[in-house]
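Everything on this sheet refers to the single structure shown next.
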Amino acid sequence: MGVFLRKYHQQLKLPVHTHQSINGFVLYVSLPAMALYYVPKIRFSWEMAFPFAVGILVLGLSMLFFYTLQNIIGYSKNTLGALVLSCGFGNVSFMGYPLIEAFYGKKGIETAVLIDQGTFLVLSTLGVFLAVYFSDKKVNTSYMFKKLLYFPSFGAFLIGIL
């Protein structure tokens, strides 16, 4: 849809940066609203720990798989980093929420919110550290954690837990 809007914005009489407005709405309104709506309804138990930990599990399996494959094929550290980071993280929110709701109903969205927030937490911490490691650059740790805490849907998730 974003590519379509960018290409045909003049014919549709839309502003050039409509896609940025839509992305902003999703990131700063829709996802935090989902977290604020569903998280307070979740009855936290040990069985809910697994969906929250899926992000770390998928990243770990991705690292194991691509490190093993690197030993067989012998690709570069940069390629390894690109493979681990692109395959080790998923985003259940944009396409996942509608699919989860279609398959599992409204109750499934609660679990999807947990998976999404857990994956976001792993991406914002380990994902950033891995990206820095694979690129040989330095990162400001306090800046990274500040960005994590102030990300709208994660903040809404923490408020929803309270």
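Determine which member of the set F120, F145 is aromatic (F, W, Y), modelled with pLDDT under 80 and assigned to a helix (DSSP H, G or I). None of the other options fit; the residue is F145. Scanning the range 75-98 for residues that are more than 15 Å from the chain's Cα centre (by Cα) and under 23 Å from Y28 (Cβ atoms) yields one hit, P98. Annotation note: Cβ proximity below 9 Å between a residue of the range 116-129 that is closer than 16 Å to N140 by Cα and among the acidic types (D, E) and a residue that is open to solvent by less than 20 Å² (accessible area, probe 1.4 Å) and not in a helix (DSSP H, G or I) (sequence gap 6+ or interchain) occurs for no pair. Of all the residues in the range 104-125, those that are open to solvent by 40 Å² or more (accessible area, probe 1.4 Å) and under 23 Å from G155 (Cα atoms) number 5.
If you go through the range 58-103 and keep only what is open to solvent by less than 50 Å² (accessible area, probe 1.4 Å), assigned to a helix (DSSP H, G or I) and among the polar types (S, T, N, Q), you end up with S62, Q70. A35 - would you say it is under 23 Å from K137 (Cβ atoms) and small (G, A, S)? Against the criterion (under 23 Å from K137 (Cβ atoms) and small (G, A, S)), A35 does not qualify.
The values are calculated or read from the model by the stated rules, or taken from the named source; none is laboratory data. In this text, all values refer to a predicted model and were calculated from it rather than measured experimentally. Every residue, glycine among them, receives a Cβ derived from its backbone with ideal geometry; neighbour counts consider all protein chains shown. Keep in mind that these areas ignore ligands, DNA and RNA; they rest on the heavy atoms of the full protein, side chains included. Shrake-Rupley method; radii C 1.70, N 1.55, O 1.52, S 1.80 Å.
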